[in-house]
Amino acid sequence: MAHFGWLWRRSFPGIALDRTPHVARWYEQIAARPGVQRGIDRVEALTARN
């Protein structure tokens, strides 16, 4: 769970999960959680203001 935040912003440094299918699966499972979605929505709302 602690690494999710780093992977969530992976497009900034150009990191892809294509070669790591287990990590990609884990990421999708975590991203689908309702609490994680609420957190993402809150962060995106903060960055949209700036």
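What's the angle, to the nearest 10 degrees (0 to 90), between helix 34-49's Cα axis and the longest principal axis of the chain?
Approximately 50 degrees, to the nearest 10.
Give me the distance in nm between label points sitting 7 Å out from Cα along the Cα-to-Cβ direction at His22 and Ile40, one decimal.
It is 2.3 nm.
Helix-only mean residue ellipticity at 222 nm, the chain, DSSP H runs n ≥ 4 weighted -39,500 (n - 2.57), per residue, nearest 500. What is it?
After summing the helix terms and dividing by residue count, I get -19000 deg cm²/dmol.
For the chain, taking Cα atoms only, what is the radius of gyration to one decimal and the Dmax to the nearest whole Å?
When restricted to Cα atoms, the chain yields Rg and Dmax of 11.8, 35 Å.
Tilt of helix 21-31 relative to the longest C-alpha principal axis of the chain, in degrees (0 to 90, nearest 10)?
Approximately 30 degrees, to the nearest 10.
Every number here is computed from the coordinates shown, using simple stated rules; none is lab data. Note that the coordinates shown come from a computational prediction; the quantities given were computed from them, not determined experimentally. Methodologically, a virtual Cβ is constructed for each residue, glycine included, from the backbone with ideal geometry; neighbour enumeration extends over all protein chains shown.
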